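First comes the structure, then the notes that go with it.
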Amino acid sequence: SSGINAEYGVPRSGVKIAVTEAEAEAQNNDDDHCGDRAANLQEELTANIKELKSSIDIQVADFEKDDDSNFHMDFVTACSNVRASSYKISPANKHKTKLIAGKIIPAIATTTAVVAGLVTIEMYKIIQGLTNVEQYKNAFLNLALPFFAFSEPILAPKNKYYETEWTLWDRFDVKGDITLQELLDLFEREHKLEISMLSQGVCMLYAFFMPPDKRRERGAMKITEIVEAVTKKKLPSHKRALVLEICCNDAEGEDVDTPYINYSLP
């Protein structure tokens, strides 16, 4: 944030506010005013672009789907399949993605182009490492009006167990396929939390009220084995992680809210 020079806007003088439809129409037809405003905006944008280029090394890359050496299609295929997986859409291989990309009509002056530009601006901020949420913006727009409005994002609500604060963006990372008992011991040892219930999706993997024999049986099983036994389905070979939801008690036996477990598979 120290590399950003923020200047406060200064209200323009001599601005006349239209109070009737006739005055508003006259102002809209004022080509000289529009031309001056467009020229000023162009100068401001040019100056901002030069300042950005001086602080960040940005290289323009023309999209070329038929050149495998630039990895453009590999990137598009990977990103589109991540989105497809998130929204239960059938994934596409590189060849199919290339066919789809070849039929896309470029968006020049549409809402799609504006949204893509706004998202890219926010990505630059993330790449720069900005941590102040006030430096990021939510955008609301309607090109038909036209209407543009910006607001500051709202911070995610904070929760707390012991002295640890967390939000919905946090999680417990557990790597390697371990047994249920090893997972329970891990949380008691490192987080001073007793897992009372453990689930994956809609399947209950462990609960304190299960019969003792079942708890002992599952305690010796690996997490993936329990998931496959409960769901009666084999985990897909491409599966790299499981989301495990947990209910926990603190050292005093009180229920506490905690993040989920991101269980990375070997």
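The values are calculated or read from the model by the stated rules, or taken from the named source; none is laboratory data. Computed from a predicted structure; not experimentally measured. Heads up, the Cβs are rebuilt from the backbone with ideal geometry, glycines too, and the neighbour counts pull from every protein chain shown. Only protein heavy atoms, including side chains, enter the accessible area calculation; ligands, DNA and RNA are left aside. Shrake-Rupley method; radii C 1.70, N 1.55, O 1.52, S 1.80 Å.
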For this session: May I ask for the angle, rounded to the nearest 10°, between helix 72-86 and the longest principal axis of the chain, with both axes built from Cα atoms and the value confined to 0 to 90°?
Result: 60
Problem set entry | Gaussian network model of the chain, springs between alpha carbon atoms under 10 Å - residue of A241, A251, A24 with greatest fluctuation | A24
Seminar exercise, completed: Quick numbers on segment 46-183, Rg and Dmax over C-alpha atoms in Å, give 20.5, 61
For this session: For K214, list the lysines whose Cα falls under 19 Å from its own Cα; do not include residues on the same chain fewer than 8 positions away.
Result: K222, K232
For this session: Please build a GNM for the chain, connecting alpha carbons under 10 Å apart, and tell me which residue among L155, L45, L180 fluctuates the most.
Result: L45
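Treat every Asp and Glu Cβ in segment 125-266 as -1 and every Lys and Arg Cβ as +1, leave all other atoms uncharged, and give the resulting dipole magnitude about the Cα centre to the nearest 20 debye.
On the way: 18 positive and 22 negative charges, 172 e Å.
That gives segment 125-266 a dipole magnitude of about 820 debye.
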Exercise. Past the 24 Å Cα-Cα mark, which pairs from K50/K103; K137/K158; K175/K234?
Worked result: K50/K103
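Counting only protein heavy atoms and a 1.4 Å probe, tell me what percentage of the chain's accessible area is made up of carbon and sulfur. Working shown, then result.
On the way: 11250 of 20320 Å².
Whole-percent figure for carbon plus sulfur exposure: 55.
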Exercise. What longest range of the chain stays clear of loop-exposed GluC sites (Glu not before Pro) (DSSP non-H/G/I/E/B, at most 11 other C-beta within 10 angstrom)?
Worked result: 65-162
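Please give the contour-minus-distance gain from N132 to D74: 0.36 nm per residue of separation, less the Cα-Cα distance, rounded to one decimal in nm.
Values: separation 58, 0.36 × 58 = 20.88 nm, distance 3.32 nm.
Gain on stretching N132 to D74: 17.6 nm.
Over segment 106-223, give the accessible area per residue in Å² for a 1.4 Å probe, as an integer. Don't skip to the answer; put the middle values down first.
Working: 8240 Å² over 118 residues.
Per residue, segment 106-223 has an accessible area of 70 Å².
Charges at C-beta only: +1 for Lys and Arg, -1 for Asp and Glu. How large is the resulting dipole of the chain about its Cα centre, in Debye rounded to 20? Intermediate values should be presented prior to the final figure.
Numbers: 30 positive and 41 negative charges, 298 e Å.
Around 1420 debye, computed over the chain.
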Problem set entry | Ellipticity estimate at 222 nm from DSSP helix runs (n ≥ 4, -39,500 (n - 2.57)) divided over the chain, nearest 500 | -12000 deg cm²/dmol
Problem set entry | Inter-probe distance in nm under a simple model that places probes 7 Å from Cα toward Cβ, at A101 and E122 | 2.4
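Would you mind telling me the antiparallel percentage of the DSSP bridges in the chain, rounded to 5? Could you put the intermediate results ahead of the total?
Working: 24 of 28 bridges.
Percent antiparallel among DSSP bridges in the chain is about 85.
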Exercise. Out of D250, D170, D66, any idea which swings most in a Gaussian network model of the chain, alpha carbons joined below 10 Å?
Worked result: D66
For this session: Name the residues whose placed amide hydrogens come within less than 5 Å of the amide hydrogen of F172, ignoring near sequence neighbours (fewer than 5 apart) on the same chain.
Result: Y260, I261, N262
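If r is the Cβ-Cβ distance from K175 to K50 and R0 is 41 Å, what FRET efficiency results, to the nearest 0.05?
Numbers: r = 45 Å, r/R0 = 1.11.
Calculated transfer efficiency: 0.35.
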Problem set entry | Residue among F209, A144, Y260 farthest towards the positive dipole end of the chain, charges placed on Cβ | F209
Exercise. Efficiency by 1/(1 + (r/R0)^6): what FRET value for L168 and E190, r their Cβ-Cβ distance, R0 = 35 Å, to the nearest 0.05?
Worked result: 0.95
Problem set entry | q = 0.08, 0.10, 0.11, 0.13 Å⁻¹: log10 I(q)/I(0) that the Debye formula gives for the chain, counting C-alpha atoms only | -0.62, -0.86, -0.96, -1.12
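Given R₀ = 41 Å, FRET efficiency for V60-A156 by Cβ-Cβ distance, to 0.05?
0.75
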